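This report refers to the structure that appears directly beneath it.
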Amino acid sequence: MRIHEPVLLKDFINLASPITGCWVDGTFGAGGYSRALLQNGARQVLAIDKDSTTKVFLKIIQNEYGDMIKFYNQSFADMEKNNDIAKRDDIEGVVLDLGVSSMHLDNPLRGFSFRENGPLDMRMGDQSGPTAAEIINHCSEATLADLIFFYGQERKARKIANRIVKERKKKEINTTLELAEIIRAIVPRNFKTDPATRTFQAIRIAVNNELRDLSKALMFSEKIVRKGGTIAVITFHSLEDKIVKDFGKIMSGKAASINRYSPPALKTFPSLIPINKKPVVAAIDELNRNKRAKSAKLRVYKKVADSSLRVLTKMEFPDIELGI
Ligand SMILES: C[S@@+](CC[C@H](N)C(=O)[O-])C[C@H]1O[C@@H](n2cnc3c(N)ncnc32)[C@H](O)[C@@H]1O
């Protein structure tokens, strides 16, 4: 199994420097970002990952940095329930390097890969919440179509949902290759991407509540980071990036109204400013080295004022109830 190679790490360090004080790494993974923070001046890293198997990488960093790193096996969406984080007033930065790791993709038993057969699981966290198989076999056809359309941005969503429902009447769909074959029979192949890519992304987002968790974590990060501190997010698809971009607009006072159905946001003064106007993408040498870097985008914000007004509008993103 490959060890996860962090994406856009040098760019992050450059934009976030000088790195000092206590940082929250909300997506510890194989610890690449946590280690780089410590190597570049952080006094302490509070690392979070909902996947407890990442603890094997923690040991390696602890051997070097002792208790300068602490680990919490939880979702970054629940940072505010963690008193070690929520009660502090000296958090210098929060970094979120979203999505799955190479360890997830390379282990067929985790069910993320449409290239190798495995159980349809896709849970990043520790075995609570529905599995991909439960969603595929129990959600209504309309819900499946919405999930695949909105979370996967797949134009053939309705056809795929219809075929899934027909197939599951004959026999439960329990493996990654069974699902991938159903999709491949409907979506035409193209040179670049496997036809199953978008539907697998959709189901993974639903299983792990990814969009809701991201928006919660961003709102809390803006509160917890001290004035002068940094929030950095690396996204891997346009739905995530839009949430981060909208968040940046609201917090930097640039959003008259994020949602055309909602009243204008009350927050008109900036508490954050973007460090980079356009998101940073990987340079050619990183792209040649690491395929995952292809869709990565880095946005970095600096906190310039403490928030005194509450944001009244919610960030807009598709939020689909599973109904199971
Ligand atoms: C792309 S990897 C991060 C890699 C890491 N930056 C590194 O350098 O090795 C994403 C990690 O975030 C974790 N993760 C994803 N969503 C999470 C959430 N809501 N809460 C906590 N951890 C999450 C995944 O389990 C995975 O280990």
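The values are calculated or read from the model by the stated rules, or taken from the named source; none is laboratory data. Given the structure is predicted, the values throughout are model-derived calculations rather than measurements. Note that each Cβ is placed from the backbone with ideal geometry, even for glycine, and that neighbours are counted across all protein chains shown. Only protein heavy atoms, including side chains, enter the accessible area calculation; ligands, DNA and RNA are left aside. Shrake-Rupley method; radii C 1.70, N 1.55, O 1.52, S 1.80 Å.
Summary table
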| read-out | value |
| --- | --- |
| Single residue of Asp146, Asp97 found to be within 26 Å of Thr235 (Cβ to Cβ), of a type in the set (D, E, K, R) and within 12 Å of the ligand (Cβ to nearest atom) | Asp97 |
| Complete set of residues in the range 104-129 that are buried (at least 19 other Cβ atoms within 10 Å of the Cβ) and more than 26 Å from Pro6 (Cβ to Cβ) | Leu120 |
| Identity of the residue in the range 60-75, part of a helix (DSSP H, G or I) and within 14 Å of the ligand (Cβ to nearest atom), that ends up modelled with the lowest pLDDT | Ile60 |
| Counted residues, the range 269-321 - those being open to solvent by less than 50 Å² (accessible area, probe 1.4 Å), in a loop (DSSP other than H, G, I, E, B) and at pLDDT below 95 | 11 |
| Subset of the range 76-87 that is within 12 Å of the ligand (Cβ to nearest atom) and open to solvent by less than 20 Å² (accessible area, probe 1.4 Å) - its residue that is farthest from the chain's Cα centre (by Cα) | Asn82 |
| Among residues of the range 229-245, those that are away from the ligand (no atom under 16 Å from the Cβ) and open to solvent by 10 Å² or more (accessible area, probe 1.4 Å), counted | 3 |
| Filter result for Gln201 (at negative phi and either among the aliphatic types (A, V, I, L, M) or in contact (Cβ under 8 Å) with a residue 12 or more places away in the chain (or both)) | yes |
| Filter pass, Asp97 being closer than 21 Å to Tyr33 by Cβ and open to solvent by 30 Å² or more (accessible area, probe 1.4 Å) | no |
| Condition met for Asn162 (at pLDDT 95 or above, more than 15 Å from the ligand (Cβ to nearest atom), in a helix (DSSP H, G or I) and open to solvent by 20 Å² or more (accessible area, probe 1.4 Å)) | yes |
| Hits in the range 4-43 - residues which are assigned to a loop (DSSP other than H, G, I, E, B), within 8 Å of the ligand (Cβ to nearest atom) and either farther than 13 Å from Asp97 by Cα or open to solvent by less than 20 Å² (accessible area, probe 1.4 Å) (or both) | Val7, Gly26, Phe28, Gly29, Ala30, Gly31 |
| Meets criteria (among the β-branched types (Val, Ile, Thr), modelled with pLDDT of 95 or more, open to solvent by less than 20 Å² (accessible area, probe 1.4 Å) and in the same structural domain as Thr143 (by TED's automatic domain parsing)) for Ile224 | no |
| Hits in the range 251-268 - residues which are under 24 Å from Asp97 (Cβ atoms) and either of a type outside the set (Gly, Ala, Ser) or at pLDDT 90 or above (or both) | Met251 |
